[in-house]
Amino acid sequence: MASQPIIEIKALEKTFQTKNGAVHALKDINLQIEQGDIFGIIGMSGAGKSTLVRCMNLLERPTAGQVLFDGKDIARLGGKDLRQVRRSMGMIFQQFNLLMQRDAESNICFPLEIAGVDKQTAKARAKELLELVGLSDRAHAYPSQLSGGQKQRIAIARALAPNPKVLLCDEATSALDPTTTASILSLLKDINRRLGITIIIITHEMSVIEQICNKVAIIDQSHIAEVGSVEDIFFHPKTAAAQKLVYPDGKKSEPFSAQDSSPCYRIVFDGNSSFEPVIAGMVLEFKMPVNIIYADTKNIDGKAFGQIVIQVPEQQALRENMLRYLTRRGVTVEEVTGYVG
């Protein structure tokens with residue numbers, strides 16, 4: 001039985017009025033995000049992804065459509081009810097947005113102070129969250145004394161302070177180096193697993209989606225181009241926007257640097273087949289070498305996946321036998337276009 005959507009977006013539109021006329025930032029957005037998902041929203045700069053996440057908690061009010069949180073249309077809420085919904089959605093940002101005059105503990109306590117929680121209870125909650133994010137020893141450090149990764153951990157702890165149901169992450173790792181990014185993503189995944197909090201990741205980096213998300217929506221030119229599990233979109237990207245993120249040179253028909261005009265095929269390995277010498281076995285079986293144009297491995301939600309683009313002989317019968325060999329071994333095979341290099 002499928003989980004109930006914690007956030008449901010229906011026919012959402014957002015238009016900004018500028019001196020040069022109307023700018024349509026979001027058009028006919030429809031999404032369902034289920035309780036417990038780590039849901040990625042990916043798109044190029046200007047695609048509308050940050051506007052979309054800000055519409056989810058009404059930091060931006062949609063021009064049309066609905067945002068349902070736990071079944072309630074939040075645009076119809078006001079005052080206390082809207083504040084309660086916003087406390088149920090923690091938010092972390094690219095630039096951390098910590099209060100520079102407050103130490104780490106005091107930054108975490110801040111949203112609890114606003115909610116009227118007494119000081120002793122707030123401090124106890126801050127201590128608990130500092131332990132969760134691995135910074136118990138930095139309670140009295142100020143932001144200027146913390147690294148970028150430590151600042152983001154404090155920002156995560158602050159967002160968790162009011163016990164939210166959802167954590168909204170707007171380019172939360174874009175300002176961090178790759179090693180620190182990996183540690184922050186690991187922390188978010190652990191929070192999702194341990195606390196059951198739904199996490200929404202806004203990013204322009206497919207590697208972030210692959211490391212942490214179970215589902216993804218691709219936003220392109222203000223529309224949702226494609227939605228599905230990360231595995232499904234990696235194996236079978238249907239739209240040009242998805243192919244740009246998945247294929248090695250951007251799109252299915254993009255020319256690869258091949259030595260001649262022989263056909264090229266993209267082979268996708270799942271977590272099991274990626275450990276088997278499928279290509280080597282095929283070469284031995286048919287006693288015919290193939291040209292490897294591109295190879296890449298990915299870790300998607302903790303499982304190993306890979307893709308290889310190979311160039312196979314032009315002889316039709318031999319080529320068809322090779323492709324049947326690959327298909328029988330459980331790998332996905334599809335033709336891509338090569339060119340004379």
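Annotations for the structure displayed:
- Most mobile of 33, 279, 114 in a GNM of the chain (Cα contacts under 10 Å): 114
- Listed residue (110, 39, 55) projecting farthest to the positive dipole end of the stretch 24-113, Cβ model: 55
- The chain: angle of helix 119-132 to the longest principal axis, Cα-based, in degrees nearest 10: 20
- For the set 80/189; 27/215; 244/287; 49/165, the pairs lying more than 29 angstrom apart at their alpha carbons are 80/189; 244/287.
- Loop-located trypsin sites (Lys or Arg not before Pro) in the stretch 1-58 (DSSP state not H, G, I, E or B) with no more than 16 neighbouring Cβ atoms inside 10 Å: 19.
- Extent along principal axes [Cα atoms of the chain; Å; largest to smallest]: 77, 50, 44
- Largest mean-square fluctuation among 143, 111, 289, in a Gaussian network model of the chain whose springs join Cα atoms under 10 Å apart, belongs to 289.
- Largest GNM mean-square fluctuation across 323, 188, 168, computed for the chain with C-alpha springs under 10 Å, falls on 323.
- To the nearest ten degrees, helix 148-160 and the longest principal axis of the Cα atoms of the chain are 60 degrees apart.
- Cα-based Rg and Dmax for the stretch 172-252, where Dmax is the largest Cα-Cα distance (Å): 13.4, 40
- With both residues required to sit in the chain, DSSP beta bridges show an antiparallel share near 65%.
- Amide proton proximity set for residue 293, modelled H, under 5 Å, gap of 5+: 309, 310, 311
None of the figures in this text is laboratory data; all of them are computed from the coordinates on show. What you see is a predicted model, and the numbers here were worked out from it, not measured in a lab. All Cβ positions, glycine included, derive from the backbone under ideal geometry; neighbour counts span all protein chains shown.
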